Amino acid sequence: MNSIAEFLIQVTNLIEAEFTLLQGRAINTAIALVMFIAAGVLCLVALLFGVWGIYLGLSLLMPRFLVAFLMAAVALIMGGGLFLWGKKKLS
């Protein structure tokens, strides 16, 4: 009877230790996911400010409607490139 009780105690200790390790890994994974999302948002903001800066610079040289058309074309090309890159990564 003692051996069964000792076995159950050892099993519960093992489960507790594994749960603690899993909980630490889950927290680290959640923190990493939040950091990736924050980095993605910051990269998007930087890209938008870059496109806006190019728009303002080119608007000094050309009429605004041509600059808007050019920036839309650049954004479509960049979006298409990202789409094709993502499609390639998924396949």
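Of all the residues that make up segment 48-64, how many are loosely packed, with under 11 Cβ neighbours inside 10 Å and of a type in the set (A, V, I, L, M, F, W, C)?
Count: 4.
Determine which member of the set V67, V45 is modelled with pLDDT of 85 or more, within 15 Å of the chain's Cα centre (by Cα) and either surrounded by 10 or more Cβ atoms within 10 Å (Cβ to Cβ) or not in a helix (DSSP H, G or I) (or both).
Selected residue: V45, the only one of V67, V45 that is modelled with pLDDT of 85 or more, within 15 Å of the chain's Cα centre (by Cα) and either surrounded by 10 or more Cβ atoms within 10 Å (Cβ to Cβ) or not in a helix (DSSP H, G or I) (or both).
The values are calculated or read from the model by the stated rules, or taken from the named source; none is laboratory data. Because the structure is a prediction, the values reported are computed rather than measured. Using ideal geometry, Cβ is built from the backbone for each residue, glycine included, and neighbour counts are taken over all protein chains shown.
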